[in-house]
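For reference, the structure discussed in these notes is given below.
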Amino acid sequence: RMPPQYRDACIARMRVVNFAAGQDVIECGTIGTTMLFLDHGCAVAEIGGRIVNTFMPGDYFGEVSFIATAASLIEGAIPCGMVRRTATVTARESCRCLELVVKDLFDVYGNDLPGLASMLRMMVEAAASRMMPDMGAEQQVAHTSTAASSLALPPALGVVANG
């Protein structure tokens, strides 16, 4: 879990963003500099015109590309290696989201790069388990390690199989 002082600071920096029914919240192919937390409404993720996920209040999305962008910046890599968004998320009805920007995450963590790396590692693990809820724990660890490598996470952020 995120330490309370960082969590509270991130929440304080989030901005409220409203979307009308039918409006794209996230567009496929864009670089993820934000992740969103759905506060009110319903949204759907589509890939190639097919709905692959439905989001309700309390859900979040955009985290995979967000993590990849943050990890790339920690590593000092040129952004060309960042993961682009793989789905378009569209508001099914009027939606209110809280938006967290990568820059704000860096501002909150300041010089605590080990703390930021640890948080990103936990986010990778959470993203992997969200994407594979029916997978066993051992399979999730193996897949999370693969996911971390595919996101080009720096060695300091790689997921360790035993922890």
**Request:** Go through region 96-119 residue by residue and tally those that are open to solvent by less than 20 Å² (accessible area, probe 1.4 Å), under 15 Å from the mean Cα position of the chain (by Cα) and modelled with pLDDT of 90 or more.
**Result:** 5
**Message:** If I filter region 79-95 down to residues being modelled with pLDDT of 85 or more and more than 16 Å from the chain's Cα centre (by Cα), which single residue comes out as most open to solvent (accessible area, probe 1.4 Å)?
**Reply:** R92
**Message:** Return the residues of region 19-60 that are more than 16 Å from A91 (Cβ to Cβ), among the polar types (S, T, N, Q) and open to solvent by 60 Å² or more (accessible area, probe 1.4 Å); say none if nothing qualifies.
**Reply:** T33
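Suppose we filter A71, A45, A12 for residues that are of a type outside the set (D, E), within 16 Å of the chain's Cα centre (by Cα) and not in a strand (DSSP E or B); which single one remains? Steps first, answer last, please.
Values: A45 fails: not in a strand (DSSP E or B); A12 fails: within 16 Å of the chain's Cα centre (by Cα).
Just a single option satisfies the conditions, and that option is A71.
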**Item:** Close pairs (6 angstrom Cβ cut-off, 6 or more residues apart or separate chains): within 20 Å of G41 (Cα to Cα) in region 1-26, open to solvent by 80 Å² or more (accessible area, probe 1.4 Å) anywhere
**Value:** N18/R96; A21/E93
**Item:** Selection from region 36-76 of residues that are touching a residue at least 40 places away in the same chain (Cβ under 8 Å) and among the small types (G, A, S)
**Value:** G41, A43, A45, A68, A70, A71, S72
**Request:** Identify, from the list G62, G41, the residue that is among the small types (G, A, S) and under 15 Å from M14 (Cα atoms).
**Result:** G62
**Asked** Residue check: is G76 under 16 Å from the mean Cα position of the chain (by Cα), at positive phi, surrounded by fewer than 17 Cβ atoms within 10 Å (Cβ to Cβ) and modelled with pLDDT under 95?
**Response** no
**Yes/no for L36 being at pLDDT below 95 and of a type in the set (A, V, I, L, M, F, W, C)** = no
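The values are calculated or read from the model by the stated rules, or taken from the named source; none is laboratory data. Remember, predicted model here, so these are calculated numbers, not experimental data. We place every Cβ from the backbone using ideal geometry, glycine too, and count neighbours over all the protein chains shown. Side chains included, ligands, DNA and RNA excluded: accessible areas come from the protein's heavy atoms. Shrake-Rupley method; radii C 1.70, N 1.55, O 1.52, S 1.80 Å.
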